[in-house]
Amino acid sequence: MVESSEELRLRGNSFFSEGNYLEAVKSYKECLRKADGDKSCQQIAYRNLAQCYIKLCSYDEAIKAATEALKILPSDTKALYRRSVAYEKIGNLKDSIVDAQKLVQLEPNNKAVKDLIHRVESCVVQKREFECSLKGKINSMFSMLTDEKSPVDLIETALKNLIALIKEEDKAAATEIWSHPSSSEIFGLINNPSSQITNLALVLLENIMKAVPTLSVIILDKMTLKYIVGRVLSPSADASLHMCKFLSHLMENLTQIRAYQKARDAAVELAKRNKSQAQSFLPKVVYPPYKLEAELEGPVEKILEQILRVTNSYRLEAAARDILLQLLTWIIPSETGIGWSKRIVTAEGNLERILEVAAATCSQTPMESAGQSEVVGAKSRHKHLLEEASTKEGLPEISRGGVLKISANTRMIVACLLSRLFNDLRSDQDRQHFSRVCCEFVMELLTDKFIESKVEAAAVIGTLFSGPYEVGSRVLATEGILEGLLLLSQSENLAYQTVALDTIILATNKKDKCMAVINQAVPILRALYKSPDDGVKVRALLGLCKLGALGGGDASIKSMADGSTVILMKACRRLLLGESASEKPENGARSDATSMRWAIDGLAYLSLNGEVKEALVKDAALLNAVYKVAALGYYDTAFPLVSLLANLTNSFVEKEITPEMLEIAKFAKQHIPEKHEADEPKVVTQRRQKMIDAGLPTCLYNLTTKLVTKTSAAQPQVREVVSRIYLSCSECVDSRGLLVSAGAGKALLNLSLEDNTDEGKHVASQALAKLTITADPRLTFPGERSLEVIRPLLQLLDMECPALQNFEGLLALTNLASLDHKHRCRMLQEGALPKIEHYMFEDHEELRHAAVECFSNLAQHPAVVVACGGELPAEAVGGVACGASGSEVVKLLTLYCYDEKDIFLVRAAAGALATMSHDPGILHKITQVDKWKEKMEALAAHPSPTIQHRAVFLLRNLIVCGGSEIARDIVDSRLVELIDYLQHLPDISDTDALPPEAIVLSQGRPKAAVREEAKSDRKKTRDIASAAMRKLIEYGFIKQTQSVNP
């Protein structure tokens, strides 16, 4: 018997009621086949089929069935409901809520519909909250990373977002990313064909290690050292560079050396501030020495071993080699790293690998002027050996060269590394071992049959003289080495000649240790100075410049004929500007780092002479070329460039010669240095101004940021000289704006807080103070940077600093304290109040006045009022604690109000008391001062309108805030008559003569502005005096008369 579609539908309903959903599905499908053309039957069968699929958890099929039902009847509520439920189950809340909203419109009173839309909306809110949560964001990013169909740009975006999350949330985000089930996908991305994705994955791992350092070992194990080294030696310069940077971060997080240094520096700073401990001449251990954890020694040792192995690999790119050498420079020595210098130096082969890199720096010598045959012939010893080996029978053919790739900065970095390793060795035995290895290495090169090996030996000696000078001197003192160098300097090969000259010049840095070199080298230098090649000529010139600079700044010593130094300067000029007739402009010395360094070095020595200073500054083209050197980033040029600029601006500290010392020198018939006329203060000031107008501020900024900040050239002594140059420039008041616009604020902040000598930090802080005094600090230091200036300025309040630094520091802090509450809070948090208070008791008038002015501005903070004996509630202080001597400060300020000699001190003291006079506790302490009424009378009777204003403000607060007892004391004294007098003072007209005291207090200001200020103060004085009299009437101590202003 054939069943109809209706019968099949009813049978499906029966199966559904029994819970037999599979049979119900079959019946409904059969019904749909039979009901061809019966739309009503099809619609009911589809929606019932959707319900069956929901029961069977086949939600996609349920959506399809419900959609077919809605095609037939769009207002079918049951089909809409079932599709909405199916959407909800698969997590498609967007479509689910659309269907639910249609249901509400069709059946607004249906409880099931209301429950559905409430449930779906709750899910939407929860999903939105989850997506906005940290875990949700990370899940979203990992879904992009794990999706095989994700395009490259989407993966890059996901990685960048994960990096940004760690920077925002720090440890919480890093932990969540690491614990995510798909975190292993990150390690798959470091092998991605896209270099951008690989680099971003490495940066992500760097940030994870930084946030959670304990994961560093796990990340190292998963990446494997073999992979890291392989990528370091990658032929792709970009890949190699990024992996070297990653390796640097890995070592930093493994050893936690930065965190240790931060804690150590904080402990040292705290110990300096703690004056309560007994002083001792014996060194004390403020913080325990660094010690690497035992379980980390193995991984760290393996990494260092691999780094040292690849440093002399010809496969390593120059930029990557520099990064690895810089990593070794700070991670090994005890001063900045883990203290493994002895272990590294004594291990076999390590020192030789570093020296081999030093030997390769000979290839940086310019050879443009040499013939092409000479350039080709200047191969390294290693390349010769490789070529010989490749021609022998039985040996595999070697088709790759063995020349190390180096940059212009490699020699400087290697020299710095060798210097730090040598200086970190504690025993004489270890130092002798270091020197012995260097000597043997150089002798092996010198005795080699290839002439190129002798050139490499010269490069090694030059590097040693740039770094551990003592070792270089020992090597050069070895029999035969100096003679070999001098012989090499006379070679016909221009490249060899240049390298030998470089080494001789480096060896003549210290006069007391190089006289033997000079005696033998001078005749050769004079002969080579006649060379047609400027590269050789300038090196010979530099040697002669050193000879000519033996007298320093003493004008009475002339080691050369008059005018010779200017001629030598012009020779350096030609090389620096590339104006040699034997070189084309495009191949000029300006593009050659080594020749440029010698040109700047020569000018630095010559600039000790006054004539050269004036000639150089007048030469605009030469001065501009000198400035541009700072922007090139050649580390070798840092010290000579800094020395040159310091000589030109006379920034070095001159020893003061007292008349007594001068008389003793004359009596003992000792030589007395003479100052050149170009070094007179007026001439120096003009020269500085010319240099600033020509672009010195920009040069100094580039010098600070590119050469002497976190580089191998960033030695504290060099940074101190840069600080002194900035200070010299800041003494030109009219040019401080140029300094600020060129970034002097940022540069000086760096110099005053990091990697500088104590004296250098004070000098940089003094320059900051000068910039802060003459301009609005908010313009000089935009954003939050004005808050950072407070700490270096407080360094100037150290009792060991000169009085001028104390004074300028106080003036700068006065300006900052006047800005807003935030700056005053930071000053108190940094411990400014006790230091300022110390100078309030000083005998020096200027220091005392400046300290009281600073305190007056700082007194606007409630914490200062409480520290001085105020009675403000704890919540008014805002949790800021500061120490002061309480009533002693109030007493001191009250006494200063009676000072008859220093009108500036009276104004500052009256302002400070007036600022704090809203507090009853302060007012009570004022009344405890002996003869306080007489002092207030003198203050109120002062002829200066601005001091009168402060005095009557203080008296008004004594009456209003001090209570009736203090008010009665005032009525019983002559103070009430003075207040009455002040409320009747006439206006100051345009024809009235201003009091002399008002003019003195406003020195340097226009007379019209002084008069307007006096008028304003007079009006305020009358108003405040009237308010005080009305309060006395309110107390009932006096009766109102016609004389009291309403």
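Where a number appears in this text, it was derived from the coordinates with a stated rule and is not lab data. Just so it is clear, the structure is predicted and the values come from calculations on it, not from any experiment. For neighbour counting, all protein chains shown are included, and Cβ atoms are generated from backbone atoms with ideal geometry for every residue, glycine included.
Do the alpha carbons of any pairs in K210/K302; K210/K746; K570/K770; K34/K55 sit beyond 28 Å of each other, and which pairs?
Those over the limit are K570/K770.
Sorted by mean Cβ packing within 10 Å, highest first, what order do the peptides 296-303, 317-324 take?
Highest to lowest by the protection proxy: 317-324, 296-303.
Dividing the alpha-carbon Rg of region 5-132 by 2.2 N^0.38 Å yields what?
Normalised Cα radius of gyration, region 5-132: 1.10.
Hey, fewest Cβ within 10 Å first, where do D820, D843, D238 land in order?
Fewest-to-most Cβ neighbours within 10 Å comes out as D843, D820, D238.
How about K94: which aspartates and glutamates have a C-alpha closer than 19 Å to its C-alpha, ignoring those fewer than 8 places off in the same chain?
Those aspartates and glutamates meeting the cut-off are D60, E61, D115, E121, E129, E131.
By average Cβ neighbour count within 10 Å, what is the ranking of 306-312, 71-77 from highest down?
Going by the mean number of other Cβ atoms within 10 Å, highest first, we get 306-312, 71-77.
Determine Rg/Rh for region 924-1046; Rg is computed over alpha-carbon atoms and Rh is the Kirkwood hydrodynamic estimate from the same atoms.
1.01
Give, in whole angstrom and from largest to smallest, the semi-axes √(5λ) of the equivalent ellipsoid of the chain, with λ running over the eigenvalues of the Cα gyration tensor.
65, 60, 25
Specify the inter-centroid distance of region 66-122 and region 1-36, based on alpha-carbon positions, in whole Å.
25
Order the peptides 930-940, 637-647 from the highest to the lowest mean number of other Cβ atoms within 10 Å of their residues.
So the order, starting with the most tightly packed, is 637-647, 930-940.
Which of the aspartates and glutamates could a cross-linker span from K935 if the Cα-Cα distance has to be under 16 Å and same-chain partners fewer than 8 positions apart are dropped?
Cross-link targets: D899, E900, D902, D969, D972, E977.
List the trypsin sites (Lys or Arg not before Pro) within region 435-490 that fall in a DSSP loop (any state other than H, G, I, E or B) and whose Cβ has at most 16 other Cβ atoms within 10 Å.
The qualifying sites are K449.
Could you compute the net charge surrounding L154? Neighbours are other residues with a C-beta less than 13 Å from the C-beta of L154; K and R count +1, D and E count -1.
Charge balance near L154 sits at -2.
If amide H atoms are built 1.01 Å from N in the plane of the peptide, which residues on other chains or at least 5 residues away come under 5 Å of the amide H of E731?
Residues meeting the criterion, in which the H sits 1.01 Å from N, do not exist here.
Stokes-Einstein at 20 °C, 1.002 mPa s, Kirkwood radius from Cα pairs: D for region 796-917 in µm² s⁻¹?
My calculation gives 151 µm²/s for D.
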